[in-house]
Amino acid sequence: MNVRPVFGRSIARLMALALVPASFAGISAVSASANKPAAVTSSCLSGPVKHVIYLQFDNTHFNRDRPNVASDLEQMPHLLNFLKSNGTLFTNDHTILISHTAGGILSSLTGLYPDRQGQTVSNSYDFYPPSKLPRFTSSFKYWTDAVDPALDTLPNMITDGQKNTPAPWVPYTRAGCDFGGVATANIELENANTNASGDITRVFHPGSPEFIEASANPRLGQTDFVGIAIHCSQAADSKCSGNPNAKPDPLKDEPGGYLGYNALYGAKYVDPAITGGNPCVNDTAGQPITDPDQNCGFPGFDGMLAKNTLGYVEQMQTAGVPITYGYISDAHDIHVPNVATDAYDSHANGPGEADFKGQLKAYDDAFAAFFQHLGTSGINKSNTLFVVTVDEGDHFAGGIGTPQPDGSLAYTHTPCATLSACPTNQIGEVNANINGLLATQFPDPARPGFDIHFDDAPAFYVNTQPGRTDPGVRKLERDVSGLTSLDPYIRDGSGNVQTVSLTAALADPVEEQALHMINTDPNRTPTFTWFANPDFFFQTTPTNCGGNPCVNPKFAWNHGDIQTEIATTWVGLVGPGIKSSGIDSTTWTDHTNLRPTILTLAGLKDDYTNDGRVLVEALQTSATPHALVAHRETVLRLGAAYEQVNASFGQFSLNTLTASTRALRSPDETVYNSIENSIASLTSQRDALASQIKAALNAAAFDGQALNEQQAKAWIAQAQSLIDQAHALATS
């Protein structure tokens with residue numbers, strides 16, 4: 001039985017409160033830069049880029065969620081102005097499917113779609129053990145962890161050939177650069193568990209001092225060992241060099257091998273290594289970063305607000321860790337630290353709500369201090385590549401806020417069990433027990449058992465892992481597609497709550513292939529995926545808000561789905577080689593393009609073929625690989641065609657998804673089979689074409705191989721033909 005995953009990353013999190021004084025735990029607050037040494041200029045990168053600062057927000061928006069409320073980025077002018085005044089800010093970027101934190105971040109880190117990086121469903125997923133009864137697990141595991149040490153020993157991060165996905169720090173550490181990870185998905189320890197599948201067990205091993213500590217005090221184990229890491233180079237000045245706390249950093253499947261490297265896992269070991277022995281790192285306001293118990297170290301994923309993440313990044317950079325990847329928790333939810341549980345109590349905020357605005361102001365202050373402190377240390381746009389982006393967008397499940405005297409908006413935060421009677425300023429997703437909905441609207445005593453990935457776009461895993469054409473599966477798909485409900489956020493002209501369809505789209509394994517959702521581990525591919533109404537959140541357990549369905553005000557920002565506000569993201573680049581183009585709302589891009597673009601500017605390369613392309617639109621000619629400059633216009637046209645035919649949210653995928661929905665809804669199996677066969681044929685052709693294009697673009701970017709002009713034009717024509725055929729199938 002699933003429960004809603006309470007991984008701090010899966011929802012917005014930020015706290016607006018004054019913590020007890022630092023002296024409470026014997027920690028002395030110091031000035032913002034007092035424990036930061038003078039910046040060490042990296043010598044590991046040979047080009048103009050000497051530092052890489054990569055920051056990825058959780059669910060933070062460039063576009064407005066309500067027309068009369070400034071967007072998240074608009075309310076962080078120090079960050080927004082830095083990006084648009086000094087570099088290029090792409091605002092037509094896109095995430096992947098399923099559009100969740102783990103998948104979005106990991107595609108950004110690796111340059112791979114989920115079918116090649118492993119998180120085809122996230123932030124949690126089911127897998128089929130030998131019993132063929134689906135089991136639940138988390139996407140958030142350390143990079144080398146298995147799905148399950150007993151029931152599915154393949155890697156959680158799995159790529160071609162069922163190998164462990166190549167790790168994002170490898171090109172940097174091979175070049176002699178230490179690589180710092182700050183709460184970024186799966187590149188640091190994700191949990192302090194000491195069971196067989198726990199990160200403490202797998203990284204430190206039973207009987208180690210770390211294992212003993214985490215076993216005796218899991219709360220302290222998380223603070224000391226989770227969320228913070230440095231993957232070290234073999235250079236003499238590495239933070240692991242001569243450090244007794246360094247541990248092996250094995251990557252057994254890494255292309256080209258990866259032997260003899262070490263890492264520092266956890267703030268207990270990282271903090272002293274980057275502060276000259278101080279057990280605490282300061283945030284951007286000069287206060288020690290602590291957990292809710294006031295212990296120095298990792299504050300928890302919900303506690304990675306901007307001042308904490310940026311404080312760690314700043315400290316690493318100025319201490320000689322030239323590559324840092326940091327995750328910043330979003331500002332949509334209020335997260336209050338609970339000392340009794342050493343966790344966070346959370347509830348959602350709506351657009352324009354006072355606490356939400358206050359949190360964004362605090363984020364803006366943190367960025368102002370961050371840029372100032374880095375500049376004082378000589379780390380700036382002349383020598384540093386800044387990359388700032390977001391994992392995915394959100395759909396706000398809520399009504400219209402009520403204007404307040406201070407200019408903010410107010411929302412109703414109490415559960416609403418009778419949907420027709422919810423106030424117009426209600427906030428919160430509509431929780432629904434899928435079993436109850438099906439039993440009421442489509443009773444079927446012969447319905448097969450199943451589990452789902454709890455979500456507004458739930459993946460279904462039918463017991464015994466039947467094939468897609470199984471009659472029970474087909475009827476379940478049709479029944480699910482016909483579900484309806486009152487939606488308190490959809491009203492007629494008289495203000496009456498309306499009944500809506502709960503289905504946006506449906507995909508079984510045929511369409512999941514087109515969407516890059518087929519896992520290399522066959523036991524992880526869902527029976528089908530239901531992209532549903534984003535006002536709703538579906539589960540297989542009873543709701544806790546008084547009815548089925550009913551409104552749960554704790555959560556109001558939904559993603560995982562296909563709607564434009566969820567799919568569309570943004571990315572800003574500033575630094576050597578980046579054009580000062582300001583806001584670019586025209587160029588269509590997605591998360592997979594970040595990896596090859598960053599490595600190009602850093603003068604490095606991966607030992608595998610990226611799914612993304614170098615964003616030449618953002619690069620100065622001097623920073624663009626010669627083979628891409630020589631055929632620039634064709635490269636731009638080929639890149640655009642490639643993305644529309646291959647990306648998760650490209651035209652091809654969206655059209656085949658429309659056709660798939662019609663097929664799965666159809667009671668006529670002849671219609672179903674015809675459409676499915678057409679999708680399978682088109683996707684097979686697409687995959688073959690995409691493989692050729694990405695190989696050529698990667699070879700041009702990283703190996704200096706000139707693009708064949710005539711071949712490129714032929715590929716563009718083939719891509720357009722496939723897009724046209726998919727469109728015809730969708731509209732037939």
Item to complete: Place a +1 charge on the Cβ of each Lys and Arg in segment 411-557 and a -1 charge on the Cβ of each Asp and Glu, then give the dipole magnitude about the Cα centre in debye, rounded to the nearest 20.
Response: 220 debye
Practice prompt. Can you give me the span-like helices of the chain, meaning DSSP H runs with 30 Å or more of Cα extent along the axis and Kyte-Doolittle mean at or above 0.0?
Written response: 669-702
Worksheet item: What relative contact order, as a whole-number percentage, does segment 625-732 give when Cα pairs under 8 Å and 6 or more residues apart are counted?
Response: 45 percent
Discussion item. Quick check on the chain: helices-only [θ] at 222 nm, where DSSP H runs of length 4 and up contribute -39,500 (n - 2.57) each and the sum goes over total residues. Nearest 500, please.
Written reply: -9500 deg cm²/dmol
Practice prompt. Between beta-carbons, use under 14 Å as the cut-off and find the net charge around PRO403, counting Lys and Arg +1, Asp and Glu -1.
Written response: 0
Discussion item. Rounded to whole Å, give me the distance from the Cα center of segment 559-630 to that of segment 367-414.
Written reply: 22 Å
Discussion item. Name the residue from ALA730, GLN720, ALA700 whose Cα lies farthest towards the positive end of the charge dipole of segment 625-732, charges +1 on Cβ of Lys and Arg and -1 on Cβ of Asp and Glu.
Written reply: ALA700
Worksheet, complete the sentence: Mean Cβ-within-10 Å packing, highest first, puts peptides 649-658, 582-591 in the order 649-658, 582-591
Worksheet item: How high is the relative contact order of the chain, in percent, with contacts defined as C-alpha pairs under 8 Å that are six or more residues apart?
Response: 20 percent
Practice prompt. Note down the relative contact order for segment 411-557 as a percent, whole number, built from C-alpha pairs under 8 angstrom at least six residues apart.
Written response: 43 percent
Item to complete: Express in whole angstrom the spacing between the alpha-carbon centres of segment 133-199 and segment 652-669.
Response: 34 Å
Fill in: Net charge dipole size for segment 625-732 [Lys, Arg +1 and Asp, Glu -1 on Cβ; Debye, nearest 20]
180 debye
Worksheet, complete the sentence: Filtered hits (lysines, Cα-Cα < 17 Å from LYS605, offset >= 8 within chain) -> LYS50, LYS694
Worksheet item: If the cut-off is a Cα-Cα distance under 20 Å, which aspartates and glutamates reach LYS579, setting aside same-chain residues fewer than 8 apart in sequence?
Response: ASP93, ASP590, GLU617, GLU633
Worksheet item: Of THR540, LEU133, GLY277, which is farthest on the positive side of the dipole of the chain, counting Cα position, with +1 on Lys and Arg Cβ, -1 on Asp and Glu Cβ, and the Cα centre as origin?
Response: GLY277
Worksheet item: Taking the Cα centre of the chain as the origin, how large is its charge dipole in debye, to the nearest 20, when only Lys and Arg (+1) and Asp and Glu (-1) carry charge on their Cβ atoms?
Response: 880 debye
Item to complete: Give the distance, in whole Å, between the Cα centre of segment 478-550 and the Cα centre of segment 213-243.
Response: 41 Å
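Taken together, the values in this text are just the output of simple stated rules run on the coordinates, not laboratory data. Model, not experiment: these values are computed from the prediction. In this analysis, Cβ positions are derived from the backbone assuming ideal geometry, glycine residues included, and neighbour counts consider all displayed protein chains.
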